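A short worksheet on the structure shown next.
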Amino acid sequence: MVSNNENFGSSDPKHQGFTEKVVKISRVAKVVKGGRNLSFSAVVVVGNSEGKVGVGMGKASAVPDAVRKAVVKAHKNLLDVFLDGTTIPHEITTKYRASEVMLKPAGEGTGIVAGGSVRAVLELAGIKDISTKARKSTNPINAAKATFLALSQLRDPKAVKQQRMMLAQSNKGDKSHDETSERNL
């Protein structure tokens, strides 16, 4: 169950331009002495389709309140996603609780090959071409959070290369220093 809303729970001007998708709404019944207490939980994904995305979960006694709380939490958890054109820079597999999600970069024109909550997170992040696979548990809540975790672990290949070059140079300098100190002994 994924539905679109344009700024449903947020009237904050700094959150203008963000789209919200309700991934799942669950009804929870707690049995007490006087009967059943009903409450609702909602999982919402917010994003601007330009590299910012967030996932939030809210619980309340009414659906609109739960969605509003989830939107607020999602805005607090916004993440800048590193994109390589219309796809991601490298393949990544992450696990969140029982869900495991694999994200693979795809060629231009492929589209988003994903289902349900994984698709919602990727669309709102602004990724246009990607291939995914959800393994083990496909619970929408855990799958959305696993996808969010995977996007948070993406790294810029140029920055990684530069860090490795600097590390190699510092190690090279340390080895030459160690050799000269050994000769002096």
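Any read-out appearing in this document is the output of simple, stated calculations on the displayed coordinates, not a laboratory observation. Only a predicted model underlies this, so the values are computations on that prediction, with no experimental measurement involved. Backbone-built Cβ (ideal geometry, glycine too); neighbour counts: all protein chains shown.
Rundown of residues vs (1) surrounded by 21 or more Cβ atoms within 10 Å (Cβ to Cβ); (2) hydrophobic (A, V, I, L, M, F, W, C), yes/no style:
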position	(1), (2)
VAL31	no, yes
ASN37	no, no
ALA42	yes, yes
ASN48	no, no
GLY51	no, no
VAL67	yes, yes
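Taking strands (runs of 3 or more DSSP E) that fall entirely within region 30-136, which contain at least 3 residues that are without any contact (Cβ under 8 Å) to a residue 24 or more places away in the chain? Please lay out each step first, then the result.
On the way: elements: 35-47, 52-60, 92-96, 99-105, 130-136.
Because the criterion is at least 3 residues that are without any contact (Cβ under 8 Å) to a residue 24 or more places away in the chain, the strands (runs of 3 or more DSSP E) in region 30-136 that meet it are 35-47, 52-60.
Which of the residues that make up region 74-101 are surrounded by fewer than 17 Cβ atoms within 10 Å (Cβ to Cβ), under 14 Å from the mean Cα position of the chain (by Cα) and more than 19 Å from GLU50 (Cα to Cα)?
Those that are surrounded by fewer than 17 Cβ atoms within 10 Å (Cβ to Cβ), under 14 Å from the mean Cα position of the chain (by Cα) and more than 19 Å from GLU50 (Cα to Cα): THR93, LYS95.
Taking PHE148 as meeting all but one of (1) surrounded by fewer than 19 Cβ atoms within 10 Å (Cβ to Cβ); (2) within 17 Å of PHE82 (Cα to Cα); (3) of a type in the set (A, V, I, L, M, F, W, C), write down the number of the exception.
It is condition (1) that PHE148 fails.
Of these, ALA114, ALA134, ALA143, which one is buried (at least 24 other Cβ atoms within 10 Å of the Cβ) and aliphatic (A, V, I, L, M)?
Answer to the check: ALA143.
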